[in-house]
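One structure below.
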Amino acid sequence: MGCRYRQVQRVHYPEIEPLPAAMQRRARRDVGVKQVFSRLAQEPKKRGRIPFTRIDLDNEADFAEFDTLEAIAAGATIITGAVFTGELEGVAWEVAADVLVRNPNGTYLPVMVSNHRVARPDPHRHMQAIAVSRLGKGTPLQVNASLRHHTIDGYRLTLALMGLAEAGVAPADEVGAVIGQDRDWAYLVDVSRYAPAATRALLTPAPTGPRRVKECATCRFWAKCEPELEAADDISLFLSGDRADTYRDKGIHTTQALIDASLGDISHTARAWRAGIPVLRKTVHTTAPRFDVEIDVDVEAYLDLGAYLWGAWDGHDYTPFVIWSDLGGAAEGENFARFWAWLKNRRNAARQRGQTFGVFCYASNGENHWMLSTARRFHGKVPGVPDEQEIRAFISSDQWNDMFAVARSQLVGPGGLGLKQLAPAAGFHWEEEDFAGEDSLHAFLIASTGGDAEAARAREQLLSYNGDDCRATAAVRHWLRRGAQSAPILGQLP
Ligand code: SF4
């Protein structure tokens, strides 16, 4: 449900328009919903042996809920764009259920489309899932995957089940489904696990003041909430979300109180934050791994659909391996194969010259995920794509270095140790200054679907951003080797 103070601010400031980032997020979700709708089974032209009907509703229409109830009463197999409203102990709620699928016993399975990654492959766990194209026609299969919890998806399903219950067609097993970034599968979810938290959240009175949370970064009301938080010296400005709960429980609600409490590193870090110091050293001497030949790499992916750009910086040249279409298809595997061959050539050349060779990235989760996923999806199908074993051997070798782990072992960042926080302290600045992770998602959408000029600009931006991420990783490494002198030592601030 996110920040509930938004509801309060919406009433106070109805004139404040949504920010471009929010509009872009909505646009990405709309694209996802459209993709799902296009994959759902269509109503057959001729009536088949087993009746199958599909009704597509407009969830923004004036009588959307009435239309939903009509479609249910008609016994439609698939209903898209459904809407339910209701009241729980005097609190009104509304939910858009992206898809309703009729179960054989006449109840309906609510299905939500989400831009989250809702499940991940896991050889040790089982889940029930159904191919999106088989919804309303097939039965679920057991797949090796584990669920990733996203509260908001669970809450939306809870409300949809409440709506279905009102209509008398809620499934007794309280099962719903979520379609995540992989638009081909709907994963079944036991919604009852979310129900207590969802009803609690619904019935909890709206907060009386703001608290900084992750969403504030893209919230239209930040210009109103920030001064309020600053005036109160609210501790959430330093420790966002529930990270300050331990201190709130001790009666510490302001950053100054946290500094004054002299609680060791956390109070020292709060003092640095107050002084606008972005990074501190935990050790007097800092260092970073060193090789004769060093390559910095960075991957860009679009949601869970695929990795479209592998960028590499060798200290002189930036080499991008990129595709702007056919993500998830053979082109993605071929692109990775080109990158992998290039990297191996560099490694072999270094070896022949008797030089040591190291590859760096910043926070390796993304790169590791996409290298492994590419191997799993394309090895044996696309020439040049290594198998999973080869990737695993590389990841666990000394040649693969995560600079985030190196930095974290020696530094503390009052505002975090992301590349965006750390590289400026190391003297590096991005050409595309105000371009963050979410912007790159939107830029890819334009780069892959926009008009010529628009797409060219977005491609240029993405290559610049990726190249600078590689160069920034190198800058952090060089700075650590020089001793990171511009970062004061933790606990030694005046
Ligand atoms: S700026 Fe933050 S606290 Fe204020 S309404 Fe938005 S999300 Fe909530």
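The values are calculated or read from the model by the stated rules, or taken from the named source; none is laboratory data. Here the structure is a predicted model, which means the values were calculated and not measured. Virtual Cβ from ideal backbone geometry, glycine too; neighbours counted across all protein chains shown. Protein only, heavy atoms only, side chains kept; ligands, DNA and RNA dropped before computing areas. Shrake-Rupley method; radii C 1.70, N 1.55, O 1.52, S 1.80 Å.
Is it the case that Asp182 is surrounded by 14 or more Cβ atoms within 10 Å (Cβ to Cβ) and either at positive phi or not hydrophobic (A, V, I, L, M, F, W, C) (or both)? The answer is yes for Asp182. So, in region 151-169, exactly how many residues are of a type outside the set (Lys, Arg) and crowded, with 19+ Cβ neighbours inside 10 Å? Of the residues in that region, 12 qualify.
Are any of the residues in region 92-108 open to solvent by less than 30 Å² (accessible area, probe 1.4 Å) and farther than 22 Å from Ala61 by Cα? Checked against the condition, which is being open to solvent by less than 30 Å² (accessible area, probe 1.4 Å) and farther than 22 Å from Ala61 by Cα, region 92-108 yields at least one hit.
Taking the condition crowded, with 17+ Cβ neighbours inside 10 Å and either part of a helix (DSSP H, G or I) or not assigned by TED's automatic domain parsing to the domain that holds Val178 (or both), does Thr286 pass? So Thr286 fits the description; yes.
Considering only residues in region 189-232 that are buried (at least 21 other Cβ atoms within 10 Å of the Cβ) and more than 8 Å from the ligand (Cβ to nearest atom), the one that is farthest from Trp93 (Cα to Cα) turns out to be Val189. Taking the criterion of being within 10 Å of the ligand (Cβ to nearest atom) and part of a loop (DSSP other than H, G, I, E, B), the only residue of region 233-250 that qualifies is Ser240. Can you name every residue in region 73-95 that is of a type outside the set (D, E, K, R) and touching a helix residue (DSSP H, G or I) at 6+ places or on another chain (Cβ under 8 Å)? Of everything in region 73-95, those that are of a type outside the set (D, E, K, R) and touching a helix residue (DSSP H, G or I) at 6+ places or on another chain (Cβ under 8 Å) turn out to be Ile79, Thr80, Gly81, Ala82, Val83, Phe84, Thr85, Gly86, Leu88, Val91, Trp93, Val95. Please tell me if Ala393 is of a type in the set (Gly, Ala, Ser), in the same structural domain as Gly366 (by TED's automatic domain parsing) and open to solvent by 50 Å² or more (accessible area, probe 1.4 Å). Against the criterion (of a type in the set (Gly, Ala, Ser), in the same structural domain as Gly366 (by TED's automatic domain parsing) and open to solvent by 50 Å² or more (accessible area, probe 1.4 Å)), Ala393 qualifies.
Conditions tested, residue by residue: (1) on the phi > 0 side of the Ramachandran plot; (2) small (Gly, Ala, Ser); (3) more than 16 Å from the ligand (Cβ to nearest atom).
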residue	(1), (2), (3)
Gln9	no, no, no
Pro14	no, no, no
Arg39	no, no, yes
Ile50	no, no, yes
Ala74	no, yes, yes
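All conditions in (1) farther than 19 Å from Leu159 by Cβ; (2) touching an Asp or Glu at 6+ places or on another chain (Cβ under 7 Å); (3) not basic (Lys, Arg) hold for Ala74, with the sole exception of (2).
Residue count for region 441-479 under the criterion of being among the polar types (S, T, N, Q) and open to solvent by 10 Å² or more (accessible area, probe 1.4 Å): the result is 4. Check whether at least one residue in region 251-274 is farther than 25 Å from Arg25 by Cβ, within 16 Å of the ligand (Cβ to nearest atom) and open to solvent by less than 30 Å² (accessible area, probe 1.4 Å), and report yes or no. No: region 251-274 contains no residue that is farther than 25 Å from Arg25 by Cβ, within 16 Å of the ligand (Cβ to nearest atom) and open to solvent by less than 30 Å² (accessible area, probe 1.4 Å). Reported count of residues in region 55-81, each being open to solvent by less than 30 Å² (accessible area, probe 1.4 Å) and either touching a residue at least 60 places away in the same chain (Cβ under 8 Å) or not hydrophobic (A, V, I, L, M, F, W, C) (or both), is 6. What are the residues in region 310-325 that are of a type in the set (Val, Ile, Thr) and either part of a strand (DSSP E or B) or at pLDDT below 95 (or both), if any? Passing the criteria: Thr319, Val322. For region 18-37, enumerate the residues that are over 18 Å from Ser114 (Cα atoms) and within 14 Å of the ligand (Cβ to nearest atom). Correct list: Pro18, Leu19.
Restricting the first member to region 384-404 and to residues that are touching a residue at least 40 places away in the same chain (Cβ under 8 Å) and assigned to a loop (DSSP other than H, G, I, E, B), and the second to residues that are surrounded by 15 or more Cβ atoms within 10 Å (Cβ to Cβ) and of a type in the set (S, T, N, Q), the beta-carbon pairs closer than 8 Å and six or more apart or on different chains are Val385/Thr374. Phe52 meets each of the listed conditions (1) surrounded by 15 or more Cβ atoms within 10 Å (Cβ to Cβ); (2) closer than 18 Å to Ala165 by Cα; (3) not small (Gly, Ala, Ser) apart from (2).
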